[in-house]
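Q: Structure in structure tokens, see below.
The values are calculated or read from the model by the stated rules, or taken from the named source; none is laboratory data. Model, not experiment: these values are computed from the prediction. Reconstructed Cβ throughout: ideal geometry from the backbone, glycine too, with neighbour counts over all protein chains shown. These area figures cover heavy atoms from the full protein model, side chains too; ligands, DNA and RNA do not enter into them. Shrake-Rupley method; radii C 1.70, N 1.55, O 1.52, S 1.80 Å.
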Amino acid sequence: MQRRSDNPACWTGLFVVCGLLLLSSPVPTSADDGPGAAVDATRVHALLVNGGGSKRSNYYSHLRHLKALLGLLDLAGVARERITVLASDGADAEPDLAVREEEAPERSWLLPSRVASALRPPIVYANSEIDGIELLPATRQAFDEWFDREGAKLRPGDILLLYVTDHGKKNADDLSDNTILLWNNEQLGVKDLSLLLAGLAPGVRVVEIMSQCYSGAFAHTIWTNGSANPQGNVCGYFSVPADRQAYGCYPEAFRELEGHSVRLFEGLEQHPRLPAAHNQALLTDRSPDVPFRTSDFYLEQVLRRAVGDDDEALRRLVDEQLAKALASPARWEPELRLLDRLGEIFGFSSPRSLADLQQQTEDLEALGSRLETYADRWEATLEALRSENWRRFQAAHPGWGERLTPTALGPLDWPARRALAVELLDALAPFTESHSAESHSEGQARFAALRWRADEARALHFRNDVRLGVVLRMRGVLVRIAGLHYLEDPAREAERGSFAALSACEDLPLGNGNPAAEAEEVASPAHFPSLQQEQQRMEAVSPAWLGINYQPVRRNESNASLPRGAVTVLDVYPDSPAERAGLEAADVIVGTPAGSFVEAHAIREWVMRREVGQAAELELLRAAVPRTVTILPSAYPLTLPELHARPSPGSLAPKLLARRLDGGELPASGGSRLLFFWASWCPVCERALPEVLALSGARDLEIVAVSDEDPTHLQAFLDGRSAPFPALVAADQERGDFRSYGVSGTPTIVIVDAEGRIEHYQTGYASGRGIEVPGWTWKPAPQESK
């Protein structure tokens, strides 16, 4: 299989963009078309689908997605008469769309959930409408009728764009036959759609874009012809694999859109073709989505045929193929650049094997579970405080109870409810600020501290889910490389043909971007916070832990005098602070020496907000006898996954593990060093080299040029060049240094001072900016700037 050669135009801009642009290098759209061939817009037909299920689940975001794609089709020259939109109940004037138009009044977070829910802005129901489009109902009957009527008119060479923004349902018994949720909760499965597509005339090209939950199952429609190898007349792009939910469905009109459709459409605004827009979405989508395309799916299926359903065997096969493929890394430059860009943007080193990703995936899943627990517990603690505060407020202002009953609220429209909510909060906020309880410092500051922890833990959990999604995106790129190398076996001619046909099918020019963008700079997405950068936040939301299971004291005549917040210990966890302090089951905790627990569940907040390792005393009753115990609360363990982010300036530099090309150890550093992470196939590294050498000479920096390539290959490369090169070259085939230094692309330039600390870290090189060390300027000689 022929691979792409180096594209010099790519290097006229920032190197970090080139992986994105090179991967979008056009694939012929048919056997007769050349690279980048345009498609006749008069041959493009579009079927856009939003079923919604019912008006309660048919969210406003769905309609926004439909309108965005229609705008792109207009710019692409696709006439409206060749576009059909199946949306909810179609042209029926009855409301069918759930919309929330306003945010809750300020300070609503002080209210307990049941009260806030009664006073929050309501979801209103509107009628789905799109200017210039007559909507048809998104029912199974309308779907079938469209294929019978319009689908039957399609001829060889026509293109059907099938877009779905909707809810999807997972078929737990068969993930290859998930469904799209249509109107009135009807469903359309993969097998159903495959039958409809099989009825189209031969030669009709179908390109699917699906953003619903579990959408990846519809990649199976590539086998509409029933053969082992697809013909390539059906292809597509999907937001997530068949076992994952997608992100981005909600009724709020004021909320910023995110997710697969949004980022793919943004990509089409910059690039004219779908493959380039897809690659950009991989880099810019900050949701947990895992976008992929049918050619990716097919390559993995080919590999799975060789090993069956054994996931571990698949991992071994992929890594075997990767090891062989990456022995010639220059052939895979676009894919490696894409991996490097993903790592750079999202804050961890770029992998070269599934083994690199396996532990990261497991660690991120465990961390996500822990962060979700933290968020739930902080939210429960905050809710308990809200409820106690509300109980006291109602006791002081009994009239509010009657004003908030369902009978009183029922006749009120939203403006009246909003006015009532503002009036209530104007009374509740100063009450909360001025009220004092016996066991806590009070006021809104206490609420704010708990709210911050709950919100921050929830945000950390979401960002961790995004990182897990990015790891799965990286897995997809690695499997693609392995699959392409696997297809190079001469015996796999049929599979190569199917892959080429799928790639050609996917290469649909749909956007209004500039074709010349292949050689232009594209704005780099802002970097996502790394786990190391979020360490302090994670520590702040990590609650202290005592290690008991408890319940509120069951009230009777004998314990009526106990404070409201007294609890009975049900269990003491082994090796916990509670066990070490001597707590036992049946102990009744009543408070601290400073005062009794006067609020329900006060023990939970008291423990969670303790300083870890700082002694604190609890008052309890054991068999009705008062006791005081001293506890040393511990933290929930929070071990961060090893994602190997770049070391921070001023931090100690990791020890170099790479070896000289002859296998010997690197000499000890006698002063400051410049680490030059490079590759023999990297044109940008070559462009950076003169300035690297100049900086080394001017600042007396010893250069260590570190590559992850085979030492024999590196020696042959050096023997064949006459231009100056650093004297000390090291091979890091195990990528230990690439990981420990968080290298997410070549070149990466790291300066380590004489004390072994990071002084400068830079990924990438652009001629206009050079090496951005403070106080350093350099102008290349004329022959060096050519």
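Q: Give the residue that is modelled with the lowest pLDDT, with candidates limited to residues of segment 361-382 that are open to solvent by 10 Å² or more (accessible area, probe 1.4 Å) and touching a helix residue (DSSP H, G or I) at 6+ places or on another chain (Cβ under 6 Å). It would help to see each step written out before you state the result.
A: Within segment 361-382, the first condition is being open to solvent by 10 Å² or more (accessible area, probe 1.4 Å), and the residues that meet it are 361-363, 365-366, 369-370, 372-373, 376-377, 379-380.
Within this subset, residues satisfying the condition of being touching a helix residue (DSSP H, G or I) at 6+ places or on another chain (Cβ under 6 Å) are 361, 372, 379.
On the way: Thr361: 89, Glu372: 92, Glu379: 94.
Among those that are open to solvent by 10 Å² or more (accessible area, probe 1.4 Å) and touching a helix residue (DSSP H, G or I) at 6+ places or on another chain (Cβ under 6 Å), it is Thr361.
Q: Please list, ordered by first then second residue, the pairs with beta carbon atoms under 6 Å, 6 or more apart or interchain, first in segment 400-418 and touching a residue at least 40 places away in the same chain (Cβ under 8 Å), second open to solvent by 40 Å² or more (accessible area, probe 1.4 Å) and not aliphatic (A, V, I, L, M).
A: Trp414/Pro122
Q: Taking segment 54-75 as the region of interest, how many residues are in contact with a helix residue (DSSP H, G or I) (Cβ under 7 Å, 6 or more places away or on another chain), open to solvent by 30 Å² or more (accessible area, probe 1.4 Å) and closer than 18 Å to Gly267 by Cβ?
A: Of all residues in segment 54-75, those in contact with a helix residue (DSSP H, G or I) (Cβ under 7 Å, 6 or more places away or on another chain) come to 54, 65, 68-69, 72.
Pick out the ones that are also open to solvent by 30 Å² or more (accessible area, probe 1.4 Å) and you get 54, 68.
Add one more test, that the residue is closer than 18 Å to Gly267 by Cβ, and what stays is 68.
Residues in segment 54-75 being in contact with a helix residue (DSSP H, G or I) (Cβ under 7 Å, 6 or more places away or on another chain), open to solvent by 30 Å² or more (accessible area, probe 1.4 Å) and closer than 18 Å to Gly267 by Cβ: 1 in total.
Q: A further question on this structure: Would you check which residues across segment 210-227 are free of Cβ contacts under 8 Å to residues at least 60 places away in the same chain and aliphatic (A, V, I, L, M) and list them?
A: Across segment 210-227, the qualifying residues are Met210, Ala217.
Q: Give the residues of segment 119-138 that are within 19 Å of Leu181 (Cβ to Cβ) and more than 32 Å from the chain's Cα centre (by Cα), sorted by residue number. Lay out the reasoning, then the answer.
A: In the first step, residues of segment 119-138 are kept if they are within 19 Å of Leu181 (Cβ to Cβ); the result is 123, 125, 128, 135-138.
Answer for segment 119-138, where residues must be within 19 Å of Leu181 (Cβ to Cβ) and more than 32 Å from the chain's Cα centre (by Cα): Leu135, Leu136, Pro137.
Q: A further question follows. With respect to the numbered conditions (1) touching a Pro at 6+ places or on another chain (Cβ under 9 Å); (2) open to solvent by less than 20 Å² (accessible area, probe 1.4 Å), which one is the sole condition not fulfilled by Phe738?
A: If we test Phe738 against (1) touching a Pro at 6+ places or on another chain (Cβ under 9 Å); (2) open to solvent by less than 20 Å² (accessible area, probe 1.4 Å), just (1) comes out false.
Q: Looking at Arg4, Arg43, can you tell me which residue is modelled with pLDDT of 90 or more, of a type in the set (Lys, Arg) and out of contact with any Phe, Trp or Tyr (no Cβ under 6 Å at 6 or more places or on another chain)?
A: Working: Arg4 fails: modelled with pLDDT of 90 or more.
Answer to the selection: Arg43.
For (1) over 39 Å from the mean Cα position of the chain (by Cα); (2) among the polar types (S, T, N, Q), each residue gets a yes or a no:
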| position | (1), (2) |
| --- | --- |
| Ser696 | yes, yes |
| Ile703 | no, no |
| Pro711 | no, no |
| Leu714 | no, no |
| Phe725 | yes, no |
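Q: Oh, and also: Does Ser194 satisfy the criteria of being out of contact with any Ser or Thr (no Cβ under 7 Å at 6 or more places or on another chain), small (Gly, Ala, Ser) and either open to solvent by 10 Å² or more (accessible area, probe 1.4 Å) or in a loop (DSSP other than H, G, I, E, B) (or both)? Write out each step before concluding.
A: Details: out of contact with any Ser or Thr (no Cβ under 7 Å at 6 or more places or on another chain): no; small (Gly, Ala, Ser): yes; either open to solvent by 10 Å² or more (accessible area, probe 1.4 Å) or in a loop (DSSP other than H, G, I, E, B) (or both): yes.
Criteria not met by Ser194.
Q: If I filter segment 306-355 down to residues being of a type in the set (Asp, Glu) and crowded, with 22+ Cβ neighbours inside 10 Å, which single residue comes out as farthest from Ser680 (Cα to Cα)?
A: Filtering segment 306-355 down to residues of a type in the set (Asp, Glu) leaves 309-312, 319-320, 333, 335, 340, 344.
With the extra rule that they be crowded, with 22+ Cβ neighbours inside 10 Å, the set shrinks to 333, 340, 344.
On the way: Glu333: 11, Asp340: 16, Glu344: 20 Å.
Looking at the filtered set, the residue picked out is Glu344.
Q: Would you say Ala396 is among the small types (Gly, Ala, Ser), touching a residue at least 24 places away in the same chain (Cβ under 8 Å) and either out of contact with any helix residue (DSSP H, G or I) (no Cβ under 6 Å at 6 or more places or on another chain) or within 30 Å of Arg735 (Cα to Cα) (or both)?
A: Values: among the small types (Gly, Ala, Ser): yes; touching a residue at least 24 places away in the same chain (Cβ under 8 Å): yes; either out of contact with any helix residue (DSSP H, G or I) (no Cβ under 6 Å at 6 or more places or on another chain) or within 30 Å of Arg735 (Cα to Cα) (or both): yes.
Judged against the criteria, Ala396 is a match.
Q: Among residues belonging to segment 219-261 that are surrounded by fewer than 24 Cβ atoms within 10 Å (Cβ to Cβ) and of a type in the set (A, V, I, L, M, F, W, C), point out the one that is nearest to Leu200 (Cα to Cα).
A: Ranking the qualifying residues of segment 219-261, first place goes to Trp223.
Per-residue answers, yes or no, for (1) acidic (Asp, Glu); (2) part of a helix (DSSP H, G or I):
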position: Glu266; (1), (2): yes, yes
position: Gln280; (1), (2): no, yes
position: Asp289; (1), (2): yes, no
position: Gln301; (1), (2): no, yes
position: Val318; (1), (2): no, yes
position: Lys324; (1), (2): no, yes
position: Glu335; (1), (2): yes, yes
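Q: Kindly list the number of the only condition in (1) over 16 Å from the mean Cα position of the chain (by Cα); (2) modelled with pLDDT under 90; (3) open to solvent by less than 10 Å² (accessible area, probe 1.4 Å) that fails for Asn389.
A: (2)
Q: Would you confirm, using the coordinates I've provided, whether Ser369 is of a type in the set (Ser, Thr, Tyr) and over 24 Å from Ser239 (Cβ atoms)? Even if it seems obvious, please write down each step before you answer.
A: Numbers: of a type in the set (Ser, Thr, Tyr): yes; over 24 Å from Ser239 (Cβ atoms): no.
Against the criterion (of a type in the set (Ser, Thr, Tyr) and over 24 Å from Ser239 (Cβ atoms)), Ser369 does not qualify.
Q: Now, a different point. Pro782 - would you say it is modelled with pLDDT of 85 or more and open to solvent by 10 Å² or more (accessible area, probe 1.4 Å)? Steps first, please.
A: Working: modelled with pLDDT of 85 or more: no; open to solvent by 10 Å² or more (accessible area, probe 1.4 Å): yes.
No; evaluated as a whole, the condition is false for this residue.
Q: Does segment 675-701 hold any residues that are part of a helix (DSSP H, G or I), under 18 Å from Pro329 (Cα atoms) and either open to solvent by less than 10 Å² (accessible area, probe 1.4 Å) or not charged (D, E, K, R) (or both), and which are they? Show your work before the answer.
A: Filtering segment 675-701 for residues part of a helix (DSSP H, G or I) gives 683-699.
After this cut, where a residue has to be under 18 Å from Pro329 (Cα atoms) as well, the list is 683-686.
Scanning segment 675-701 gives Pro683, Val684, Cys685.
Q: Looking only at segment 715-727, how many residues end up being touching a residue at least 40 places away in the same chain (Cβ under 8 Å) and either in contact with a strand residue (DSSP E or B) (Cβ under 6 Å, 6 or more places away or on another chain) or not in a helix (DSSP H, G or I) (or both)?
A: Qualifying residue count, segment 715-727: 1.
Q: In segment 702-733, how many residues are open to solvent by less than 40 Å² (accessible area, probe 1.4 Å) and farther than 17 Å from Asp662 by Cα?
A: 1
Q: Which residue out of Ala540, Ala544, Ala500 is modelled with pLDDT under 95 and either of a type in the set (D, E, K, R) or surrounded by fewer than 20 Cβ atoms within 10 Å (Cβ to Cβ) (or both)? Break it down into steps so the answer makes sense when it comes.
A: Working: Ala544 fails: either of a type in the set (D, E, K, R) or surrounded by fewer than 20 Cβ atoms within 10 Å (Cβ to Cβ) (or both); Ala500 fails: modelled with pLDDT under 95.
Exactly one residue qualifies, and that residue is Ala540.
Q: Could you please give the count of residues in segment 84-107 that are more than 19 Å from Ala419 (Cβ to Cβ), of a type in the set (D, E, K, R) and in a strand (DSSP E or B)?
A: Of the residues in segment 84-107, the ones more than 19 Å from Ala419 (Cβ to Cβ) are 84-99.
Next, from what is left, pick out any that are of a type in the set (D, E, K, R): 89, 92, 94, 96.
In the following step, the residues that additionally are in a strand (DSSP E or B) were identified as 89.
Total satisfying the criteria: 1.
Q: Next up: Residue pairs, Cβ under 6 Å, 6 or more apart or interchain, first in segment 151-163 and within 24 Å of Gly51 (Cα to Cα), second surrounded by fewer than 20 Cβ atoms within 10 Å (Cβ to Cβ) and among the basic types (Lys, Arg). List them.
A: What qualifies is Ile159/Arg43.
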